[in-house]
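Presented below is the structure to which this report refers.
The values are calculated or read from the model by the stated rules, or taken from the named source; none is laboratory data. The shown structure was predicted, so the numbers you read here are calculated from the model rather than taken from an experiment. Cβ coordinates were reconstructed from backbone atoms using ideal geometry, including for glycine residues, and neighbour counts include every protein chain displayed. Remember, those area values only see protein heavy atoms, side chains included, never the ligands or the DNA or RNA. Shrake-Rupley method; radii C 1.70, N 1.55, O 1.52, S 1.80 Å.
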Amino acid sequence: TDDAAPSGDGVSLRLRVTHAKFGGVRTPLDGGVALSVGGVPDAAWWSTWTRGRRVALPASLRRPSRYLNDGVADGELASLRRGVALTGSVKSASLVDVTARASPLDEHFAGMRARVRRSIAAALARDPEAAGIVTAILIGDRAGLSPEVESRLQRAGTYHVIAISGGNIALFALLAWSVARVIAGGRRPAIVAAMAMVAGYGLLVGTGASVARAVIAALLFLAAALADHRAPPLNVLAMVGAVFFVCDPLVLADVGFLLSFGATAGIVLAAPALLRAVRSRIGSEAPGR
């Protein structure tokens, strides 16, 4: 479900299981698994484990850690909400076999992500730490960040900068719209081109919940503009929230979902009042008043 990434002394791998064989019996299954592949395999191996490809491997599985201390969050439940039913390990990268390639679209985007990583690494070869941060900001790949850097960003309250979310998608949508206006010329062709670029960027950087929320909001806003449907921003926010709630009612228990929509609603509701206050203040301080 994601490109493999170096993690500690091995490589982390996220899978969606379709079949499992135990005791010689092959059983159809459907569930998410987070694995750690042991050792430090050559990048030429794990770089082929990209999103959408099918792999076969032997793994030792277990339920996610669950602490029963009073007041401690249920880690197993949190993992299930992220789509991970089991965690586990694989002894060696040599046991991971790629059995099928991904769809042409997934393969294309995997190649683009690989080119981005190589280009940034080459341009910032003297500063691997900066290369890791730039890669995380551009495509959401945090594999190049050391635990120390991540800890410093968390303590500074700036970790969201390296996580693809609403701010990144908003900036990209603005850039896509500006470029499309120059290339496409007309308003409607420009909107269609901007929608295609935003959707493509969403597919490139991943399928995380924060990315999906921001991309759907941007596409809905652009679709309304394409239909010349002018509605308050709060309506767009409510529609996106309703879409996610219908698809997954448990999002109401997701702190990230509540923060995203709560913060955005706060900005949408507070911004007009703040602008009126600023304009009133400027007007009252103008000469002759």
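Based on every Cα atom in segment 183-245, Rg and the maximum pairwise Cα distance Dmax equal 12.3, 37 Å. Would you work out which of MET197, GLY157, SER178 lies farthest towards the positive end of the dipole of the chain? Charges go on Cβ: Lys and Arg +1, Asp and Glu -1. Comparing the listed Cα positions along the dipole, SER178 ranks first.
Rg/Rh for segment 90-137: what does it come to with C-alpha atoms and Rh from Kirkwood?
Taking Rh as the inverse mean 1/r over Cα pairs, Rg/Rh reads 1.13.
Helix 166-184 and the longest principal axis of the Cα set of the chain meet at an angle near 70°. Entry comment: accessible area of the chain is 63 Å² per residue, from protein heavy atoms only and a probe of 1.4 Å.
Rounded to two decimals, the Cα radius of gyration of segment 53-144 over 2.2 N^0.38 Å is 1.47. Along each principal axis, taking the top coordinate minus the bottom one, the Cα set of the chain gives 85, 52, 41 Å in descending order. For segment 1-84, the ratio of Cα radius of gyration to the globular rule of thumb 2.2 N^0.38 Å stands at 1.24.
Measure nothing fancy, just the Cα-based angle from helix 147-156's long axis to the longest principal axis of the chain, in degrees from 0 to 90, nearest 10. The answer is roughly 30 degrees.
The simple spin-label model puts a point 7 Å past each Cα toward its Cβ; for ILE137 and ARG188 those points are separated by 3.8 nm.
Helical runs (DSSP H, four residues minimum) scored at -39500 (n - 2.57) apiece and divided by the length of the chain put the mean residue ellipticity at 222 nm at -17500 deg cm²/dmol. Each label point was placed 7 Å from the Cα along the Cα-to-Cβ direction; for ASP30 and ALA270 their separation is 4.2 nm.
Counting only protein heavy atoms and a 1.4 Å probe, tell me what percentage of the chain's accessible area is made up of carbon and sulfur.
Heavy-atom surface of the chain belonging to carbon and sulfur, 1.4 Å probe: 63 percent.
Report the FRET efficiency, 1/(1 + (r/R0)^6), for ALA231 and ALA199, where r is their Cβ-Cβ distance and R0 is 30 Å, rounded to 0.05. Rounded to the nearest 0.05, the efficiency is 0.90. The GLU107 and VAL72 beta-carbon pair, evaluated with R₀ = 41 Å, returns a calculated FRET efficiency of approximately 0.45.
A full extension of the chain between CYS247 and ALA20 corresponds to an added length of 79.0 nm, given 0.36 nm per residue minus the alpha carbon distance.
In this calculation the C-beta distance from ARG181 to ARG54 is compared with R0 = 45 Å, giving a FRET efficiency of 0.65. Helix 255-285 and the longest principal axis of the Cα set of the chain meet at an angle near 20°. What you get for the chain, charging only the Cβ of Lys and Arg (+1) and of Asp and Glu (-1), is a dipole of about 560 debye around the Cα centre. At q = 0.10, 0.20, 0.22 Å⁻¹, work out log10 I(q)/I(0) for segment 84-229 with the Debye formula, treating every Cα as an identical point scatterer and leaving solvent out; two decimals please. The Cα Debye sum returns log10 ratios of -0.47, -1.29, -1.35.
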